1. How high is the FRET efficiency between residue 52 and residue 223 when r is their beta carbon distance and R₀ equals 56 Å, given to the nearest 0.05?
2. Express in nm, to one decimal, how much length is gained between residue 236 and residue 162 on full extension, taking 0.36 nm for each residue of separation and deducting their alpha carbon distance.
3. Skip the ligands, DNA and RNA, and give the accessible area per residue of region 237-306 with a 1.4 Å probe, whole Å².
4. In the structure displayed, which of 195/368; 159/233; 212/245; 159/224; 172/212; 55/91 lie more than 19 Å apart, Cα to Cα?
5. Work out, step by step, the length gained on full extension between residue 403 and residue 83: first 0.36 nm times the residue separation, then minus their alpha carbon distance; give nm to one decimal.
6. Give the carbon-plus-sulfur fraction of the accessible surface of region 162-236 in %, rounded to a whole number; probe 1.4 Å, heavy atoms of protein chains only.
7. Ordering 151, 106 from largest to smallest accessible area (1.4 angstrom probe), what's the sequence?
8. Of all accessible surface on region 35-156 at a 1.4 Å probe, what whole percent is carbon and sulfur?
Amino acid sequence: MFRSGLTCPGCGSSNIVDDDLYSQAQLVCTDCGSVVSEGTLADDPVGGSGVQRLKALCQILRVNAEIEDQSEKYYKEAYQHESFINVTLQKKEILAGCCLLVSCRMRNWPITMGTISCLLDADFNVVGATYKEMMKILNIKAPIVNVTDVMEAHSQEYKMSSYPEELAENSKDLTRRAVALVELAADSWIVTGRKPIPIMMAAVYLGWQSLKPNQHRLRMSLEKFCQLAQVKKCRAAMTRIAEMKEMLCKLGKELPWLRGAVTPDNVIPQVDDILQNRHALLRRAMRAHEDTLQAECQTSSADPPTEQTAPSQITEHVDQTPSASSVEQCEPNPERAEPPADKEANLHTAPEQSDAQESPDPAPNWGKRVLFAPPCVVHPKKRRAAQPELQDVNGDEEISDSEIDSYLRTPREVRDFALTQKMLSDEGKS
């Protein structure tokens with residue numbers, strides 16, 4: 001909207017428009033881009049009303065008219081509900097962002113909840129709770145968005161095309177390499193149950209290093225890369241980078257033309273070969289891991305008992321045959337690598353049963369025996385031990401003689417206490 005009667009102090013142009021994007025309204029010159037005046041908190045509330053905020057978000061994300069109309073429709077329906085009619089202005093803005101998010105997902109528009117949270121400058125957990133509440137009130141269902149679906153939009157946020165040749169990278173090539181890394185990470189369970197932003201950032205960073213693995217890129221840290229790309233560093237991305245490098249090392253060891261150890265420090269130049277042959281490398285790595293485990297089990301079952309072995313252990317070793325006990329226990333067959341539904345349902349009850357039986361040896365973690373496993377299985381959360389219930393104390397309980405003795409001072413303790421008191425009183429007088 002043009003403002004009449006105003007001129008730009010920089011170039012003298014009268015083409016002044018309202019720019020109410022982001023968090024504060026501004027008057028901007030369309031000819032030179034100078035800010036003529038900024039809105040104040042006394043004039044306008046931050047972001048305006050919910051509908052205005054919704055339209056501003058649609059302009060920022062450049063969505064089409066259908067998504068904008070559907071978002072506004074959802075917002076008006078949800079706004080009339082008792083859960084959102086008497087809430088703060090910030091909650092209404094979050095509601096507008098959630099309506100836009102669900103409309104984008106229903107129209108297959110790539111956008112994440114983290115993007116909405118960043119544009120609204122709101123807490124991610126609050127946005128998620130508002131999104132769930134809105135979905136329940138409106139009784140709508142949105143399709144689940146895959147990480148690879150929003151990878152292209154996320155990769156375009158990294159501004160790496162205006163640097164020298166050793167650092168510059170085309171956005172399309174970077175997106176293609178990052179998507180391939182995310183798909184490989186999904187095949188190795190790294191994506192399971194994880195937030196998308198750290199995974200995408202790790203994939204973009206490793207993809208950028210692997211496209212031209214020169215010394216400038218390999219020596220650059222994630223923090224420096226985010227500064228060059230003009231994006232905010234995600235703290236959890238460092239952990240995802242380490243996990244992806246470990247995955248690449250397991251597959252890079254199966255490349256037949258490599259002569260030497262594959263480590264996280266030298267695996268980046270091999271990413272191109274790993275991605276081109278990832279299916280074959282996955283099969284070879286799984287087969288090699290199974291053969292190694294089976295050989296270790298057979299070796300351990302074939303070792304004779306030593307003289308220090310207890311008689312009970314010797315009896316157990318004789319009674320159990322290798323084919324029926326040790327090999328079956330350690331053999332990493334595919335059925336055990338991926339437990340069926342009934343076994344997954346019993347994962348939560350197994351620790352309780354072991355605690356009840358007070359077994360000294362807990363059940364082994366099957367995620368430690370396979371090459372790739374979900375993170376929640378490899379690193380399970382420790383369950384809190386059940387605390388004994390405290391008995392009610394009413395003051396009428398009997399006190400044992402030993403407890404009474406603990407309250408009485410010995411003659412030596414009496415002398416020491418009196419001496420200490422005297423020393424403290426003398427210091428106070430002096």
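The values are calculated or read from the model by the stated rules, or taken from the named source; none is laboratory data. All of these numbers come straight from a predicted model, not from anything done at the bench. Every residue, glycine among them, receives a Cβ derived from its backbone with ideal geometry; neighbour counts consider all protein chains shown. Side chains are part of the model used for accessible areas, which takes the heavy atoms of the whole protein and leaves out ligands, DNA and RNA. Shrake-Rupley method; radii C 1.70, N 1.55, O 1.52, S 1.80 Å.
1. Values: r = 37 Å, r/R0 = 0.65.
About 0.95, to the nearest 0.05.
2. On the way: separation 74, 0.36 × 74 = 26.64 nm, distance 2.73 nm.
Stretched fully, the residue 236-residue 162 segment lengthens by 23.9 nm.
3. Result: 57 Å² per residue.
4. Working: 195/368 23 Å; 159/233 14 Å; 212/245 17 Å; 159/224 13 Å; 172/212 15 Å; 55/91 16 Å.
The answer is 195/368.
5. Values: separation 320, 0.36 × 320 = 115.20 nm, distance 5.76 nm.
My answer for the length gained is 109.4 nm.
6. Accessible surface attributable to carbon and sulfur in region 162-236 totals 50 percent.
7. On the way: 151 0, 106 75 Å².
Putting 151, 106 in descending order of accessible area: 106, 151.
8. Numbers: 3170 of 6580 Å².
Answer for region 35-156 is 48 percent, counting heavy atoms of protein chains only.
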